[in-house]
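For reference, the structure discussed in these notes is given below.
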Amino acid sequence: MNASSEPRRSFSRRGFLGLTAAAASVPLLAACGGGSASQGGGGGAAGTVKFWDMPWATPAYNDAAKSIAEGFSGASGSKASYQIIQWNNFYQTFSSAIASKTGPAVSTGGGFQAFQFEQQGQIAYADKVIDKLKANGQFDDFLPGVLDPFKSDKGYVAVPWQLDMRVFWYRKSLFEKANVALPTDWPSLLEAGKALKKVGAFGFTTGAGAGNNYANHSMIMMMVNNGGGVFNKDGELDLLNDRNVEAMEFVLELVSNGIVDPAAVSYTTDNMSAQWKDGKAGYGLFQVNVPQRVGDTSGDLLVADPIKGPHGDKATIVFPNNIMMYTNTPSQDASEEFLVYYLGQLKQLWQKKLMSALPVFKSITEMPEFADDPNNVKIVKDWQPIAKTFASQGSKLNANLAALDGGQALNQFSQTIITGKADAKTALQTFQSGLESVLKK
Amino acid sequence: MSSTTAQSGLARARRGVAPGGSGTAPGKRKSKLSAQATRTFFWLLLPSMVLLVLIHGYPLIYAAVQATHDGDLLQTGNFVGVQNFSTVLTSPAFWKAAQFTLWFTIVGVFGSWLVGLGLALLLRTKIPAGNTFKVLLLLPWVVPIVVSSTAWNWLVATPDSLIPALFRNLGLGTPLFLADPTLASITVMAFKVWVSFPFMMMMISAALASVDTTVYEAASMDGASRWQQFTQITLPLIARSTYISWILMTIFCVNDFPTIYLLTGGGPVNATTSLVVLAYRTVFQDFATGPGVAIAFLMTMTLVVISVILYRQIRKSSVE
């Protein structure tokens, strides 16, 4: 027996090419497969408001949110259904559902999603909801400044319901061990970082690995903290301003002094949480409820004071997550009624301690379940008033911010900075060019 | 059957008439059957053809439309011709991703083939608990990629992870397997080989099982060394399976999204960004649908060309 005597199998050229073409078309199908996206579920019947929500916290959150949504009973007998949409490819899920008229009537979603769909004429403005909130007193309950970013020339694009705030956290025992004071400005941040390094900890904890946007947020936060930002006051791209260059030169100084973990460029959020839990992270930008997130509620992880930039600026960034209404609804009145109802029930989520974000209503921040945590109180008192959006120095949110947050240009920029691979101006120039190519005029 | 009936049947058979048939001339009967068969085949094939058009045709056409327009996932936008293709082809990011994809594919295909071949040959020998080993060796292929990528992440991600700690304890420094661009590329490729070798092992094991062992006995009697037996008998006999496995693994590697994306996200600084990751990020992170789909089109065309070349190699090996 030899190679040529091996039985000839039924293997035709045509059959083979067909198989190959089918297998090779996978990337095409993956890239454009809008038709296979989730169509959502439950309750598309007339009079039922379809509410789509994201996994904002643990599954217990979604259970509670579902319970609230399904408790809705409108004046005209309308009901609401609840559907969880996973974050993976969520924009595609929403897009394909909306295109096929099977999308939600009301939803949470990406921070800038409402503006993306507004451009496509799919958003129902929330002005009447705002009027109703004024009438029932909830309007005055909003924390200062949280509603303004959603007001466009045509009306309110969405209504905020929680604030995903970025604040500095620190591990108290590491600062005591390093015998150094908490940073109050950039020079003291540098000094604290050097002292923490001597005790084996990092003074500017961050991460830029798969799916981790904290390094992106840290970079923009440092720009905003220096009076800079991605956009100017007119909303035009303005990355190469002096304040941004100065901020990135400072971050590069932190990198060159070993204050940023050299492995941080590949850290996922889980890796970052582990660094905080294992006492490797001394200081760094993170979200609300870090002790609960990393699993260390010993009281050693605390919210730090905001720090001052070299020109006296104090600022951080915030993502005002929002609820939006769509034009495709069984009844616009029912959508509005549902949204007003849902906003009125939000306190339950904080009462049950299910949220890892700040509420948008003052009354919730005053509830004992929220205010018992001194970290929460400090964030509301010291950080919320200085929080700015990704649109800074501009004031209005817009669809382009979706391509900025999590987009390739910002990811690459952050990774370049925290690996110290380029000087500040070069990195900012590349960032600006990358953004220009994807931002819609 | 009576003898009369049998003779009649034989006569009818000689004329080509089916039992109970009318006895029409064979040629005419054949063409009538052929027309009927064609109609039957058509109706039998129709559901599959409709399915194929729906499953492959529609997305392909939709993708072609998107690749030639400047729209997004919801709106088609304006027709821009081949502008998206020229944008992609003049982008350094595309060529960097193409270069990584090439290396990732070469290492993924031949690395997994070599490991799979070695293990298949080893498992062919009589070793204790061989079947248990076979099952255990399949685990990397069987375990969901999300689980294995998480496990690999925890093995290498931080300086205190198991593998960097091991290197440190051996006095080899603290390598940052996912943070250093070169090491991250090597790690991702090693992960791909680890995930893929069981597939290769299975393919080669199946091919080896069909090889007649007397061939080796004859070769031994003729004085052929083990190496000569391997290169002159084993490799040629498994050549067809090898080429098929290379084609399939090439397609798996070029299209591989989760292995890379879950482990490094394409970083650091795009060091491990393959074409499929770039296409995904372009469409879903930059919301630039046209260029993203153009990348996917270029990938598909390249894959078809590679597959045709390898298919010719298979035919050649069959003829030989």
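Values in this text are rule-based calculations from the coordinates and carry no lab data. Nothing here was measured: the structure is a model prediction, and the numbers come from that model. Backbone-built Cβ (ideal geometry, glycine too); neighbour counts: all protein chains shown.
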Rounded FRET efficiency, nearest 0.05, which uses the C-beta distance separating A:Q292 from A:E366 and R0 of 25 Å: 0.80
Relative contact order computed over chain A (Cα-Cα under 8 Å; 6+ residues apart), in percent: 24
Neighbourhood charge, 15 Å Cβ-Cβ cut-off, centred on B:F199 and excluding it, Lys, Arg +1 and Asp, Glu -1: +1
Axial C-alpha extent at least 20 Å, average Kyte-Doolittle at least 1.0 - helices from chain B (DSSP): B:181-209, B:239-254, B:289-319
Check: segment A:123-206 dipole with +1 on Lys, Arg Cβ and -1 on Asp, Glu Cβ, in debye: 480
Mean Cβ neighbour count within 10 Å, used as a protection proxy, ranking B:224-237, A:390-403, A:186-199 highest first: A:390-403, A:186-199, B:224-237
B:V308 paired with B:L138, simple spin-label distance in nm, labels 7 Å along Cα-to-beta-carbon: 3.7
Contact order normalised by residue count of segment B:91-319, Cα under 8 Å, 6+ apart, percent: 28
Beta bridges by DSSP in the protein assembly as shown, antiparallel share as percent, to the nearest 5: 65
Semi-axis lengths (Å, descending) of the ellipsoid that matches the C-alpha gyration tensor of chain A: 37, 34, 22
Extension gain (nm, one decimal) between B:S225 and B:V146, 0.36 nm per residue minus Cα-Cα: 24.0 nm
Order by protection proxy (mean Cβ within 10 Å, highest first), peptides A:158-164, B:124-130, B:274-280: B:274-280, A:158-164, B:124-130
Kirkwood hydrodynamic radius of segment B:91-319, from inverse mean 1/r over distinct Cα pairs, in Å: 19.6
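Could you work out the mean count of beta carbons from other protein chains within 10 Å of each residue's beta carbon in A:246-254?
0
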Peptide B:267-277 - average C-beta neighbours from other chains (10 Å radius): 5
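Return one quarter of the surface area of the convex hull spanned by the alpha-carbon atoms of segment B:238-320, equal to its mean projected area, in nm².
6.1
What ranking, highest mean first, results for peptides A:68-80, B:189-201, A:336-348 when packing means the other Cβ atoms within 10 Å averaged over each residue?
B:189-201, A:336-348, A:68-80
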Inter-site label distance for A:D423 and B:V65 at 7 Å from Cα along Cβ, in nm: 5.0
Quotient of Cα Rg and 2.2 N^0.38 Å for the protein assembly as shown, N being how many residues it contains: 1.16
DSSP beta bridge pairing in chain A, given as percent antiparallel to the nearest 5: 65
Lys/Arg +1, Asp/Glu -1 at C-beta; segment B:91-319 dipole; positive extreme among B:Q232, B:F297, B:L114: B:Q232
Viscosity 1.306 mPa s, temperature 10 °C, Stokes-Einstein D of segment A:251-336 from Kirkwood C-alpha radius, µm²/s: 95
Amide H contacts under 5 Å for A:D185, placed H, 5+ residues apart: A:K308
Shielding by partners - mean other protein chain Cβ count within 10 Å, residues of B:232-244: 2
Sites B:M301 and A:D127 - FRET efficiency at Förster radius 56 Å, r taken between beta-carbons, to 0.05: 0.65
